[in-house]
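Worksheet for the structure shown next.
The values are calculated or read from the model by the stated rules, or taken from the named source; none is laboratory data. Since this is a predicted model, take the numbers as computed values, not measurements. With ideal geometry, Cβ positions are generated from the backbone for all residues, glycine too; neighbour counts draw on all protein chains shown.
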Amino acid sequence: MIVIKRILPTMLALAFVLFGCAWWQRPPLPGASPERLYQRGYEDYQKGRYERAIEAFQRLKEEYPLSKLAILAELGIADAYFSDGEYGEAEAYYSDFINLHPTNENLPYALYQLGMCHYKQMPSIDRDQTETLKAKKEFEALLTRFPSSKFAFLAEKMLRECKRKLAEHEFYVGEFYFRQKQYTAALKRFEGIARQYQDVGLDYKVNYFISETKRRLAQQEPTKK
């Protein structure tokens with residue numbers, strides 16, 4: 001997504017500016033300062049060299065654990081894995097950041113990115129929706145904890161998309177039952193969508209199938225004498 005591509009470099013660049021920019025020569029590995037290691041990771045990240053960025057950030061964490069940049073390096077590692085499409089690894093690092101730094105100012109961002117790790121792994125509507133449910137849970141957590149965060153607006157948009165995906169999955173299953181003339185099971189799915197996933201773009205279609213399913217169920221009932 002365009003928004004995500006803008007956010008990740010911005011978060012890394014913020015630290016780059018805060019801690020100085022006069023690091024133009026790439027230093028040799030021995031004796032590198034935390035600032036130079038962060039610069040190296042930042043530059044490698046910007047150029048798409050994610051493995052090298054992770055290496056620099058990881059070294060910063062291990063050699064200078066008390067540096068202010070060490071915390072930002074943790075996010076740098078997570079961001080590099082995320083941008084490289086390694087969502088499982090990114091999820092682990094964002095989760096660690098959230099657990100280790102519960103009052104850090106970047107917590108809303110980490111929560112949003114954790115949701116995005118699951119969002120990026122959402123399958124098609126005919127598959128199990130565990131990742132979609134996890135993404136929904138993380139976006140809801142962000143909105144509950146940090147409703148005024150600038151990431152709350154993005155989370156609302158992603159949450160709506162998650163709900164639509166879940167609704168489409170339920171409709172897919174309901175329509176399958178409908179075609180198989182298993183109307184009771186189909187009605188349960190359609191009514192569930194109407195209760196849980198209103199205003200995600202399926203209302204008209206769902207209401208039609210609820211009415212039609214009820215009509216067919218009524219036709220199946222034995223005629224009373």
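For every residue, the table says whether it meets (1) under 22 Å from residue 155 (Cβ atoms); (2) at pLDDT 95 or above; (3) part of a helix (DSSP H, G or I); (4) of a type in the set (Lys, Arg).
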{"residue": "7", "(1), (2), (3), (4)": "yes, no, yes, no"}
{"residue": "12", "(1), (2), (3), (4)": "yes, no, yes, no"}
{"residue": "16", "(1), (2), (3), (4)": "no, no, yes, no"}
{"residue": "29", "(1), (2), (3), (4)": "no, no, no, no"}
{"residue": "45", "(1), (2), (3), (4)": "no, yes, yes, no"}
{"residue": "54", "(1), (2), (3), (4)": "no, yes, yes, no"}
{"residue": "74", "(1), (2), (3), (4)": "yes, yes, yes, no"}
{"residue": "82", "(1), (2), (3), (4)": "yes, yes, yes, no"}
{"residue": "94", "(1), (2), (3), (4)": "yes, yes, yes, no"}
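Being modelled with pLDDT of 95 or more, hydrophobic (A, V, I, L, M, F, W, C) and either in contact with a Gly (Cβ under 7 Å, 6 or more places away or on another chain) or surrounded by fewer than 21 Cβ atoms within 10 Å (Cβ to Cβ) (or both) narrows it down to one residue among 107, 111; which is it?
107
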* To do: Find all pairs meeting these conditions: Cβ atoms under 6 angstrom apart; at least six residues apart or on different chains; first residue within the stretch 82-111 and under 20 Å from residue 45 (Cβ atoms); second residue acidic (Asp, Glu).
  => 97/74
* Asked: Does the stretch 189-210 hold any residues that are part of a helix (DSSP H, G or I), free of Cβ contacts under 8 Å to residues at least 12 places away in the same chain and either in contact with a strand residue (DSSP E or B) (Cβ under 8 Å, 6 or more places away or on another chain) or surrounded by 10 or more Cβ atoms within 10 Å (Cβ to Cβ) (or both), and which are they?
  -> 203, 208
* To do: For the stretch 167-181, state whether one or more residues are surrounded by fewer than 15 Cβ atoms within 10 Å (Cβ to Cβ) and either in contact with a strand residue (DSSP E or B) (Cβ under 7 Å, 6 or more places away or on another chain) or part of a loop (DSSP other than H, G, I, E, B) (or both).
  => yes
* Would you be able to tell me the number of residues in the stretch 127-141 that are in contact (Cβ under 8 Å) with a residue 24 or more places away in the chain, in a helix (DSSP H, G or I) and under 15 Å from residue 170 (Cα atoms)? => 2
* Somewhere in the stretch 57-66, is a residue in a helix (DSSP H, G or I), surrounded by fewer than 17 Cβ atoms within 10 Å (Cβ to Cβ) and among the basic types (Lys, Arg)? -> no
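Given the condition of a type in the set (Gly, Ala, Ser), under 32 Å from the mean Cα position of the chain (by Cα) and under 27 Å from residue 157 (Cα atoms), answer yes or no: does some residue in the stretch 176-191 qualify?
To start, the set of residues in the stretch 176-191 that are of a type in the set (Gly, Ala, Ser) comprises 185-186.
Pick out the ones that are also under 32 Å from the mean Cα position of the chain (by Cα) and you get 185-186.
Next cut, under 27 Å from residue 157 (Cα atoms) only: none.
Within the stretch 176-191 (the criterion being of a type in the set (Gly, Ala, Ser), under 32 Å from the mean Cα position of the chain (by Cα) and under 27 Å from residue 157 (Cα atoms)), the answer is no, since none of the residues qualifies.
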